[in-house]
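What follows is a single structure, written as structure tokens, with notes after it.
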Amino acid sequence: QPSADVEGALLAHLNANGEIPDSRAFASSLGVPHKDLEDVIKRLLAFRIIESTDITTEAWVLTDEAKDYAARGCPEVHLVAAIPPEGASRAALKEELGDVFDIALKNAAKNKWIEQGNRDLVLRTVEDTKDELQELLKRVENGEDEVQEQLKRLENPKTREVVPDPIKVLKRRKLVTKEKTIWYSLKKGPEFVVKRKTLATDVTREHLKSGDWKDLEFKDYNYGAQGQPIAIGYSQPLLEVREAIQNIFLEMGFSEMPTNMFVESSFWNFDALFQPQQHPARDSHDTFFLKAPATTTQLPDDYLEKVKQVHQSGGYGSKGYGYDWKRDEAEKNLLRTHTTAVSARMLYKLAQEEHFAPKRYYSIDRVFRNEAVDRTHLAEFHQIEGLICDYGLTLGDLIGVLEDFFSRLGMPKLRFKPAYNPYTEPSMEIFSYHEGFKKWVEIGNSGMFRPEMLLPMGLPEGVNVIAWGLSLERPTMILQEIDNIRNLFGPKVDFNKIKGRPMCRVGL
Ligand code: PHE
């Protein structure tokens, strides 16, 4: 029976009779569990539509053990029944009665229904147990099962009231427990109504259409209610470290490069960086090439010619690579494999200005590499890139800037290892001492851009560029102790973890 019906029946009954003296009796007359009626009563009490008086009773309730005895009789009675007139061994009776033997023996003895004695036998073997030598004899024909009678009467709602206090033995044997039950006597409250109006919480389109909004009574606002948690404003670990690094660059006077072009031409990604066209990185095993549009049509012709020359035959003091440079290869579109492509574009742009001015540039954005995905590699990641261009910069300047940058990131101990990049000379891998792992870990790559890259762009002679790059994922995993890159970025990120990192909650 739905609670609305129970409520209707209760209010109608109160309206007709003025009172309900016993909610239990009323619930059974409606054929609903008392618990359901109780829910309705509590609701109506809150609105002062009814008033109630509690009626508390305590009743003895049978334990599971007692229910079993009520149904099948007590174990001590079974024991007496099992003993033949000439008596039986303890062992045989134990076997017959099973688990309840000890209880049966104890109570039968207490009732003086049995006698225990030693069998007058000579020890036959050492294995003979005491049980086999002990004999039980009965002193009564049958045990009278008074306990079972009591339990049966308590179990029956019609007869339980006449058992004022169960016999002591039931309590002693823990066969009954006292349980409190509460029921109610009910009468009309100050706000009594036969039919409760359902209060509206919202004006709906239907209300407006039918015009019944005029008669609506609204539910009061509950200003104390807890609001829904707001599903915004969590910090993603990657973004958190990104912001920290961005702030370091800004503090050091760097400005951000525009990194909004994920699709680049091979020209800016490789050729402008003096990376030969046969270089293995330019293979589709390492680089994602685009199918459509497969090529670019917008390349600066003058500059392109200079790049071609430096690859083929050198210049600016270089021998070049001595191969047949192809424009087709340079026109191929790809997903940029590093943000150094952006650095190349920015330096070229800078070289086109009338007067050279020193610059500090940085970027943090996505790059793509056709790599096998595992717990430390994804096919795309974020690259952090920094560069400084000015007259007369040296490797010492690069080392100094790197030490400044990484110590601000919390990695003050650095080591450098000579390395090779087509576009930098000298080049250095950067290692940082990891206090937790107790070893040196590689954290980035750096170098001084080659004259073969800078001079064809038109940058003045004597201008040097020091630069470095690293992934954002690497320091994030180290700083935030995340051991699987897939928990950091991509479709497997656990949103519940991110939702455990609220950024800030203003107010309250
Ligand atoms: N482009 C390099 C990389 O992808 C990083 C780098 C940037 C190295 C600038 C030297 C100078 O690893």
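Sparse packing (at most 10 other Cβ atoms within 10 Å of the Cβ) combined with a DSSP loop state is found for the following GluC sites (Glu not before Pro) in the stretch 190-287: E217. Placing a pseudo-label 7 Å from each Cα along the Cα-to-Cβ vector at E243 and E329 gives an inter-label distance of 4.5 nm. Within the chain, the longest run free of chymotrypsin sites (Phe, Trp or Tyr not before Pro) that sit in a DSSP loop with at most 14 other Cβ atoms within 10 Å is 48-220.
Suppose we keep just the DSSP beta bridges with both residues in the chain; what percent of those would be antiparallel, to 5? Kindly include the intermediate steps, with their values, before the conclusion.
Values: 69 of 72 bridges.
Percent antiparallel among DSSP bridges in the chain is about 95.
Helix 101-110 sits at what angle to the longest principal axis of the chain, using alpha carbons and giving 0 to 90 degrees rounded to 10? Between helix and principal axis, roughly 30 degrees.
Once you order the gyration tensor axes a ≥ b ≥ c over the Cα atoms, which shape class does the stretch 378-508 get: rounded for a/c under 1.5, otherwise prolate or oblate by comparing a/b with b/c? Cα axes put the stretch 378-508 in the prolate bin.
How far is helix 395-408 tilted, in degrees, relative to the longest principal axis of the Cα atoms in the chain, given as a value from 0 to 90 rounded to the nearest 10? Taking Cα atoms only, the helix is inclined about 20 degrees. Of all aspartates and glutamates in the structure, the ones whose alpha carbon falls short of 15 Å from that of K306, not counting any fewer than 8 places away in one chain, are D271, D324, E452. In degrees between 0 and 90, to the nearest 10, how far off the longest principal axis of the chain does helix 340-351 point, with axes built from Cα atoms? For helix 340-351, the angle is close to 40 degrees. Of the trypsin sites (Lys or Arg not before Pro) found in the stretch 405-481, those in coil by DSSP whose Cβ has at most 15 other Cβ atoms within 10 Å are K413, K438. Rounded to the nearest 5, the antiparallel percentage of DSSP beta bridges internal to the stretch 238-499 is 95%.
The distance linking the stretch 413-448 with the stretch 1-49 is 79 Å (Cα centroid to Cα centroid, whole angstrom). The modelled label-to-label distance for the pair M261/A231, using points 7 Å beyond Cα in the direction of Cβ, is 3.8 nm. Extending 7 Å from the Cα toward the beta-carbon at both I167 and R415 defines two label points whose distance is 9.0 nm. As a calculated quantity, the FRET efficiency between E191 and D5 at R0 = 25 Å, using C-beta atoms, amounts to about 0.75. Based on every Cα atom in the stretch 238-499, Rg and the maximum pairwise Cα distance Dmax equal 18.6, 58 Å.
Assuming charge only on the beta carbon of Lys and Arg (+1) and of Asp and Glu (-1), the dipole of the stretch 366-475 about its Cα centre is about 440 debye to the nearest 20.
Taking the centroid of alpha carbons for each part, the stretch 180-243 and the stretch 350-370 are 56 Å apart. Based solely on its DSSP helices, what 222 nm [θ] is calculated for the chain when runs of n ≥ 4 H residues each add -39,500 (n - 2.57) and the sum is averaged over all residues, nearest 500 deg cm²/dmol? It comes out at -10000 deg cm²/dmol, rounded to the nearest 500. Charges were assigned to the Cβ only: +1 to each Lys and Arg, -1 to each Asp and Glu. The resulting dipole of the chain about its Cα centre is roughly 820 debye.
How far, in nm, would the chain grow between A294 and A88 when pulled straight, counting 0.36 nm per residue and subtracting the alpha carbon separation?
Values: separation 206, 0.36 × 206 = 74.16 nm, distance 10.09 nm.
Taking A294 through A88 to full extension adds about 64.1 nm, to one decimal.
Would you pull out the residues with amide H under 5 Å of G189's amide H, same chain only if 5 or more places away, H placed 1.01 Å from N? Answer set, sorted by chain and number: I50, E51.
Expressed as a fraction of 2.2 N^0.38 Å, the value expected for a compact globular protein of N residues, the C-alpha radius of gyration of the chain is 1.93. Put the Cα centre of the stretch 377-401 next to the Cα centre of the stretch 59-80 and the gap is 86 Å.
Read-outs throughout are calculated quantities, based only on the coordinates presented, and are distinct from any laboratory measurement. Computed from a prediction, not measured in an experiment: that's the story for all the values here. No Cβ is skipped: glycine too gets one built from the backbone with ideal geometry, and neighbour counts run over all protein chains shown.
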